[in-house]
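Below is one structure, written out as structure tokens; comments come after it.
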Amino acid sequence: MSAIEDANRQQLAASDPVISAFVAASAGSGKTKLLTDRLLRLMLAGTAPEKILCLTYTKAAAAEMRIRLNKRLGEWVAMPREDLSAKLLALDVAPDAKTLSRARKLFADVLDLPGGMRIETIHAFCQSLLRRFPLEARLSPHFTVADDEAAGQRLREARERVLAHPTARGAVGTLAAEIDEQRFSDLSGKFVEGVGSKFLKQTRAAITALLRAALAAEDEDEVALLRHFVSPPRETELRDYLRLVANRGTQTGQKWAYVGLDWLALTQDQRIANRVPWLETLFTQKGTVLTLSKHFGKALEAEKSFIKAEIEKEAERIRHLQDRLKLVRLVNINQALLDILSPVALAEREAKSLASELSYSDLINQTSELLIDPGAAWVLYKLDGGIEHLLLDEVQDTAPAQWEIANAIAAEFFAGLGAREEPRSIFAVGDPKQSIFSFQGANLKSFGFYKDKFKASAISAGRGWLDGALSVSFRSTAPVLELTDAVFVEGPARSGVIAPGETLRHDISRVGQAGKATLWPLAEATEAAEIPDWDLPEDYQNADSSIAILARKLGDYIQDRLTQPLPAKNRNARPGDFLILVRSRGAIVGAVTSELKSRGIDVAGLDRMVLPQQPVVSDMLALCDALLLPEDDLAFAQFLVSPLGGLPDESLMDLAMNRPGSLVGALYARAEERAEWRAPKSFYEALRARADFDTPFALLSDALGVLGGRARLLSRFGPEAAEPLDEFLAEALQFSIAEPGSLQAFVHRLRNAATAIKREAEAGGDEVRIMTVHGAKGLQAPIVIMPDTVSLPQAETGLLWMDVPQSDMQIPIFCPRTELRANVLAAELQAKRNAQIEEYNRLLYVALTRAEDEILICGAAGRRAIPPDCWYESVKSGFNRLSARQEGNGDLVYDCPQTAKPDGITQAREARTAVLPPWAGRAPDWQAAPAPKEAPGPERIVPSRVTEETSRAALAISPLAGPQTPAAKRAAAMARGTAVHALLQHLPSLPDSARRQAAMDYLSAQPGLAAEAAEICASVLTILHEPSLEPLFGPGSGAEMPLAGVVAGREVGGVADRVFIGPNEIIVADYKTDRNPPSSPAGIPEKYLLQLAAYRAVLRQIHPGRPVRCVLVWTARAAAMPVPDALLERAGLA
């Protein structure tokens, strides 16, 4: 059986919709396809799409699954019967008429679902569930999910409020001797994130009891223990033996004995204050008991064993007391820490509750509490009725609290009425070898526990169960997979990846595809040239670090590789084919990025960028500091030597040395002495005058734009500085919109929030990608480079959550120093370190399996020897187990040629990088030119508004005006005009026989018009019966017709009072309320002519070639006046 056939068999068995399964899917084995196949088979078997819930680990995974599912369902809609039958047979589904019909309808069924298929992350599911049952969860129905910045701000405020309270002084005093501010800030964040509500409800006495129980510490007094420490119960015997050695021992023994005797001669209080000599009498510097092998000589051969036994007995006593002292101090330190952290957590939760916000961990915890709460049983009932099949993705990275949610959902699948005749199932897919997110709570123990739990439930209910496995890789070539297998054959790399007695083996589907695995020798640093004696160097001595050398070598490699083909892809390599994986965002990232950019190779920015840590942003913040407090000489000096100030070090020293006052005062006083001093003064002066008034965005955008700051920064840092600058301005803009325009508040928030910008993994185009291995989870690339391979992860020194014996609670323990590490804590920390190294090994597996065709492993040597269990040594051992060849330059290479038809895509990643416009500037000076002027938009004309302004002004008539005043006459004319306008608008819709009566009824109802109602009615009917205007008021005409267009470069928009559009001509009429209308067309006001000309021009554009006749209706005397074309031509609108 071929690897492909074996993979199909495994996938079909695992996607069977009538069984539940846990499937271990190795890297590149088609996990997403398996999930998609199972979804399809469930729906083809009759399960309604809305009855399926699929929970993924990331949004990207959910989106990818939706895309694949919709693509396949969309293809099925119009696929020929024979082809669709073949597709169904490939899924092990019989293609009968009913199934074929259902397959074609599934696409529409899924589209009709509100929100589509329920394929979502666990956090999205929790959010939707809490919104559905907010009252049961004791939440505001309008809660929001807080972003990281808001959560950090809230935590800082809670921490500062608690620390400022007088009751915290004692605890602060205890902690100040042990930890600094930054470490305390980190601890508070970890505590608030991990602590549960149950713990926060404990009293201080209960917390002390929990601390002692977790540490197995007695309720002891430190002073009493110290007195016991310095009071050996066999002091007389010890003194006698020491005197014996001092008199008859070797020279080494005599020195040793006198140290102990001197200490025993001290008073008890002196011994307590100076315990080190007694410890040196008993122990080595590493803490082991002294062997005393060179202390006795032949003269004490008979007494040697007795002396050693006495010393060992005292050493054991002291060691036990030391451990008890450590425990007492740990309890005191942690009690003080929790005295502060517990109120901080409570204050943070209270502020979060008032703001109706939840963090992502809150979503999980609140949902877990909701589903476990016995009082919310009907929530489970509602869920149980809506979910028949649960699918879980990436379960190796599922945290215990998330497992509890899945367990609550699936608990009724196999119990009671839930185990009904319709098959219900739970399906989970993951790979324990790829569990790398312990910092987010992932726990492989939970993976095994819930796997066994669900298996037992399914089997006890008589349901089918499968412990499946996918071992065939569709991603990588043979050399990559064989190297991966060889790395984990034996040695330290196996720990946490392969269980004892098992063997890692990947089946290869890409047989015959060219692949290559390469291991470079470690890059070594070069030393600076030695300076001859009595010689003073005139310039800095050059010495290349190993990282810089490795970065140059990688630049050479990538530049050369871009000229060579990728045989399996049947094309040349492109920048987007390279994926550089690192463990952490260290110096190698910046070095490689700069090297590639200097060669003109497109490279994407960091996958995660902390803004305040970027050098270019640091310079902008230095400018802000100088603007906010000019008297701060250090901040002002930072501005001056930054690219924004532009002063070299020598010039700054000339300005600063022997100055009488502040640095800014010296600059202002001496700016005219040098041109290089005038420039920063002008730059600073232009901004300082506005710093207290402009928003941060307005101020900083001008600093970077109009004043040329961006050009100076890019000239110094290169084009890679453009992205952090843009993100910095975006933060300033967002702050200026949402907050008061305070520069000081903006700088404070940016620094304290440590704003991080995350780049979407697939957002880039044809660029070299540099990512952490964690960020690359789920991604792949034709060529993977691993340059960060020679270091081990630092041991974690934060909070250690320890189980409390005979309790279901955990308590955080913090050990600030190695000297305080008691035995019980040392064991816990060692277990944690072992788990950390196991995850480090799994991270290596993930990194190796990202490669499709080629992988390159390299590293930069440091001053110390590299650890034997680091990635580099593990991979080197893997190469040694293969038949790898060694090149002349020391490279180890394991490869295979192209012997089959290329199976890769022929297109590279599409380049999406936008080309900068010419005015943005270019290297090396990056001097921006003024942006070209935008083409002016067409001038806007609103004819109706222009002509109505005068008429509207007449409406505001004083109530004190007499009946014969001009104002009163204007009001009467306006009332008459309005009535005529209304009659001309509405009477045409009535039969001719009903028009007179309707007009009289309307006019008689208005007291001011009743006297002249007959006259107005007659005038209006005369207009309606005018033969030349009959079409205007007949069938096909319309009132209040909007007209809009562009005429002679000017926008026209208005509403014509009456328009008739006939097959042979168009008539447009406008009603005017002038009290004294002209007697002839020659007296028509110019603005009226412009209005009609604009209407005519628009109508001519809409109906070209059709004549347009314009009419003015003077409502004051109810008379119609045709307007000659000659007058309209004078308006200048064609």
### Task
Give the Debye-formula value of log10 I(q)/I(0) at each listed q (0.19, 0.21 Å⁻¹), with one equal scatterer per alpha carbon of segment 99-161, two decimals each.
-0.90, -0.96
### Task
Any chance you could run the full-extension gain for Arg864 through Gln254? It's 0.36 nm times the residue separation minus the Cα-Cα distance, nm to one decimal.
215.8 nm
### Query
Just how far, in whole angstrom, is segment 1097-1117 from segment 245-301 if you go by their alpha carbon centroids?
118 Å
### Message
Over the Cα atoms, compute the radius of gyration (one decimal) and Dmax (the largest Cα-Cα distance, rounded to a whole number) for segment 423-484, in Å.
### Response
15.5, 46
### Task
Report Rg(Cα)/(2.2 N^0.38 Å) for segment 147-354, keeping two decimals.
1.45
### Summary
Measuring from the longest principal axis of the C-alpha atoms of the chain, the long axis of helix 871-881 (C-alpha) lies at a number of degrees, nearest 10, equal to 70 degrees
### Task
Below 22 Å Cα-Cα, how many Lys pairs turn up in segment 147-354? Only count pairs eight or more apart in sequence, or on different chains, if you could.
21
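Plugging the Kirkwood radius over Cα pairs into Stokes-Einstein for the chain, at a temperature of 20 °C and a viscosity of 1.002 mPa s, what D comes out in µm²/s? Don't skip to the answer; put the middle values down first.
Numbers: Rh = 38.3 Å.
Here the translational diffusion coefficient equals 56 µm²/s.
Can you give the Rg to Rh ratio for segment 734-879, taking only C-alpha atoms and Rh from Kirkwood? Mind dumping the intermediate values first?
Numbers: Rg = 21.4 Å, Rh = 19.7 Å.
Expressed as Rg/Rh, it is 1.08.
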#### Entry: Two-site FRET efficiency, Ser356 against Lys59, from Cβ-Cβ distance with R₀ of 25 Å, rounded to 0.05
0.60
### Summary
Cross-link reach from Lys71 to lysines, straight Cα distance under 28 Å and at least 8 residues apart if same chain, gives Lys31, Lys33, Lys51, Lys59, Lys87, Lys98, Lys105, Lys569, Lys777, Lys901
### Query
Taking amide hydrogens as modeled 1.01 Å from N in the peptide plane, which residues meet the under 5 Å criterion relative to Ile770, leaving out close sequence neighbours?
Ile580, Ala604
## Note on the structure
The correct pair for segment 377-491, radius of gyration to one decimal and Dmax as a whole number, both in Å and from Cα atoms, is 17.3, 55
## Note on the structure
Phi-derived 3J(HN,Hα) across segment 828-841 with the Karplus relation (6.51, -1.76, 1.60, θ = phi - 60°), rounded Hz, x for Gly and Pro, is 5, 5, 5, 5, 5, 5, 4, 5, 5, 5, 4, 5, 4, 5
### Task
Compute the distance in nm between two label points, each set 7 Å from the Cα along the Cα-to-Cβ direction, one at Ser471 and one at Arg319.
4.7 nm
### Message
Using a 7 Å offset from the Cα along the Cα-to-Cβ direction at both Asp373 and Ala686, what is the distance between the two label points in nm, to one decimal?
### Response
6.0 nm
### Task
Quote the convex hull volume per residue of segment 171-258, based on C-alpha atoms, as a whole number of Å³.
188 Å³
### Query
What is the sum of charges around Ser594, taking Lys and Arg as +1, Asp and Glu as -1, for the other residues whose C-beta is under 12 Å from the C-beta of Ser594?
+1
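Can you give the Kirkwood hydrodynamic radius for segment 53-96, in Å, rounded to one decimal and based on Cα pairs?
Values: mean 1/r = 0.0837 Å⁻¹.
Kirkwood radius, segment 53-96: 11.9 Å.
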### Query
Can you give the % of DSSP beta bridges in the chain that are antiparallel, to the nearest 5?
40 percent
### Query
Size of segment 1-77 along its principal axes in angstrom, Cα-based, largest extent first?
37, 28, 26
### Query
Near the amide H of Val472, under 5 Å away, which other amide H atoms are found, from residues 5 or more places off or on another chain, if H is placed in the peptide plane?
Asp507
#### Entry: Point-to-point label distance, Ser545-Arg81, nm (Cα→Cβ direction, 7 Å offset)
7.1 nm
### Query
Compactness ratio of segment 613-757: Cα Rg over 2.2 N^0.38 Å, N = residue count?
1.02
#### Entry: MRE, 222 nm, helices only [DSSP H, n ≥ 4, -39500 (n - 2.57), over the chain, to nearest 500]
-15000 deg cm²/dmol
### Task
Using the 2.2 N^0.38 Å rule of thumb for compact globular proteins, work out how segment 964-1014 stacks up: its C-alpha Rg over that value, please.
1.25
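Computed from the coordinates by the stated procedures, all read-outs in this text should not be read as laboratory data. Note that the coordinates shown come from a computational prediction; the quantities given were computed from them, not determined experimentally. Positions of Cβ are generated from backbone atoms using ideal geometry, with glycine treated the same way; all protein chains shown enter the neighbour counts.
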